[in-house]
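Remarks on the structure that follows.
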Amino acid sequence: SRVSGPPFNLNIAVDSLLKNEFDEYRIKGEPHPLMSEANIDAIPFQHELLDQWRFNFKGVQFEDKKRGFLWFGAIDDVWIHNQSKKLIIADYKATSKKGEVSLDAEWQIGYKRQVEFYQWLLRGNSFDVSDTAYFVYCNGIANKDEFNNNLEFKTKLIPYKGSDQWIEPTLMDLKATLMADQPPEASQNCSYCSYVKKTLTI
């Protein structure tokens with residue numbers, strides 16, 4: 001089977017704490033201070049299905065009758081713009097690196113596609129969704145003199161204007177691959193395929 005990646009227990013802990021924190025302001029119907037500091041005219045969105053939307057392997061679900069699939073994705077948070085009433089996807093990220101966090105790395109295309117798919121799922125459920133999503137990016141400060149059982153973060157809100165135009169043709173390709181009589185040829189650039197090939201020759 002495919003080798004699993006390392007557990008991201010610290011990231012999961014940060015996610016849980018952020019959800020608890022934003023939920024306090026959701027109940028009060030007020031913006032989180034991070035939102036106010038960034039001049040985002042929105043508040044955390046209240047919805048009866050929010051807990052399900054956040055739950056792995058359930059998430060925001062969309063029954064795609066055209067292709068005969070049920071698509072889903074577990075979101076971190078949703079905000080609602082005070083004026084337009086459009087929903088805003090918010091995604092939590094945690095890391096520890098020198099300098100400012102950004103979305104400039106090539107591998108972060110996965111982050112961008114992630115929120116774009118969430119936007120597409122909510123639109124499939126008849127919600128009016130903003131093209132602009134926000135990454136709540138927490139950067140652990142590692143240059144302190146001591147640990148003292150306390151890990152500090154510098155948190156930054158990074159806006160990202162997404163586009164879901166790639167999703168429909170990609171889903172068509174996914175279905176065509178699944179329905180094909182033969183699996184596609186393995187790519188030479190696929191590390192997982194190389195791993196399987198190596199294990200079969202041992």
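The values are calculated or read from the model by the stated rules, or taken from the named source; none is laboratory data. Nothing here was measured: the structure is a model prediction, and the numbers come from that model. Cβ placement follows ideal geometry from the backbone for every residue including glycine, while neighbour counts extend to all protein chains displayed. These accessible areas exclude ligands, DNA and RNA; they are computed on the full protein's heavy atoms, side chains included. Shrake-Rupley method; radii C 1.70, N 1.55, O 1.52, S 1.80 Å.
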Cross-link partners of K98 among lysines (Cα-Cα below 28 Å; sequence separation of 8 or more within a chain): K19, K112, K144, K154, K156, K161
Antiparallel DSSP beta bridges within the chain, as percent of all bridges there, nearest 5: 75
Potential extension, A38-D64 segment - 0.36 nm per residue separation minus Cα distance: 5.7 nm
Structure-based [θ]222 nm, the chain - -39500 (n - 2.57) summed over DSSP H runs of at least 4, per residue, nearest 500: -10500 deg cm²/dmol
Distance between modelled label sites at F55 and W107, nm, 7 Å Cα→Cβ extension: 3.2
I12-C193 pseudo-label distance in nm [points 7 Å out on the Cα-to-Cβ vector]: 3.2
Orphan Cys of the chain, criterion: no other Cys C-beta under 4.7 Å: C138
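Taking R0 as 35 Å, what FRET efficiency do you get between K156 and A186 from their Cβ-Cβ distance, rounded to the nearest 0.05?
It comes out at approximately 0.35.
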GNM flexibility winner over the chain from D128, D64, D104 (Cα, springs under 10 Å): D104
Ranked packing of 40-48, 164-172, most packed first, by mean Cβ within 10 Å: 40-48, 164-172
Percent carbon-and-sulfur accessible area, segment 26-127, ignoring ligands, DNA and RNA, probe 1.4 Å: 50
1.4 Å probe accessible area per residue over segment 83-202, in Å²: 70
Top of D76, D91, D23 by mean-square fluctuation, Gaussian network on the chain, Cα under 10 Å: D23
Whole-number percent relative contact order across segment 108-202, with pairs defined as alpha carbons under 8 Å at least 6 apart: 24
Members of K66/K93; K28/K93; K97/K198; K28/K97 lying beyond 27 Å, as alpha-carbon distances in this model show: K66/K93; K97/K198; K28/K97
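Counting pairs of alpha carbon atoms under 8 Å apart in space and at least six apart in sequence, what relative contact order in percent does segment 119-171 give?
Taking the mean separation of contacting Cα pairs over the length of segment 119-171, I get 39 percent.
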Inter-centroid distance (Cα atoms) of segment 65-95 relative to segment 134-185, Å: 13
Pairwise label distance in nanometres, V3 with M179, each label 7 Å out on the Cα-Cβ vector: 3.6
